[in-house]
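The values are calculated or read from the model by the stated rules, or taken from the named source; none is laboratory data. As the structure is a computational prediction, the values presented were derived from the model and not from experiment. Note that we place each Cβ from the backbone using ideal geometry, even for glycine, and neighbour counts take in every protein chain shown.
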């Protein structure tokens with residue numbers, strides 16, 4: 001009797017698997033909902049990529065494949081794909097936020113992420129060129145320079161390091177200092193900047209902080 005019952009259960013389970021679709025029905029996708037803001041990624045391209053999933057069964061779609069497809073867009077930092085029954089595919093995505101170009105090859109994000117963009121022609125960012133290849137070091141340098149020079153109302157347009165010489169191009173001046181001592185030198189500049197501008201009473205193109213006894217201006 002027990003043997004017959006066991007066989008019956010196996011048959012019922014097998015039939016259930018075979019007729020699974022008929023038993024639960026299908027859930028054709030009618031809507032694709034986007035959670036996120038298209039700032040730099042191409043909204044038209046991404047939405048066209050996903051059009052093919054309309055009318056597909058929400059239960060049968062491959063979530064991983066869809067996620068990888070969206071992540072192939074270079075501005076997409078992360079994406080979560082989920083099902084919202086009965087008929088909606090949900091795309092929750094986050095874009096990279098760029099901070100500066102690095103060595104004409106990479107873009108550094110506001111949190112220090114390193115990524116590459118296929119088309120950078122319309123992207124207006126400060127350019128950083130260095131012979132240092134440690135991302136965290138370059139990111140920290142740029143953030144520190146930005147924070148300090150912002151106190152003087154100066155905006156960085158480019159930064160370069162050649163050996164130990166640090167060149168900082170801003171919207172008003174070229175500032176030159178030694179990379180090995182840039183923090184105390186910038187602090188010195190901040191202390192005397194307003195006085196210096198008043199004293200010279202002219203446009204200053206270059207501020208050279210490499211001197212041990214002070215600085216030179218042009």
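Structure notes:
- Those residues of segment 91-102 which are surrounded by 15 or more Cβ atoms within 10 Å (Cβ to Cβ) and assigned to a loop (DSSP other than H, G, I, E, B), in sequence order: 96
- Set side by side, the residues 119, 111 differ, and just one is modelled with pLDDT under 95, within 30 Å of residue 156 (Cβ to Cβ) and part of a loop (DSSP other than H, G, I, E, B), which is 119.
- Selected residue [modelled with pLDDT under 95 and out of contact with any strand residue (DSSP E or B) (no Cβ under 9 Å at 6 or more places or on another chain)] from 105, 52: 105
- Strands (runs of 3 or more DSSP E) contained entirely in segment 141-218, each with at least 2 residues that are touching a helix residue (DSSP H, G or I) at 6+ places or on another chain (Cβ under 9 Å) and crowded, with 17+ Cβ neighbours inside 10 Å: 156-162, 165-170, 174-178
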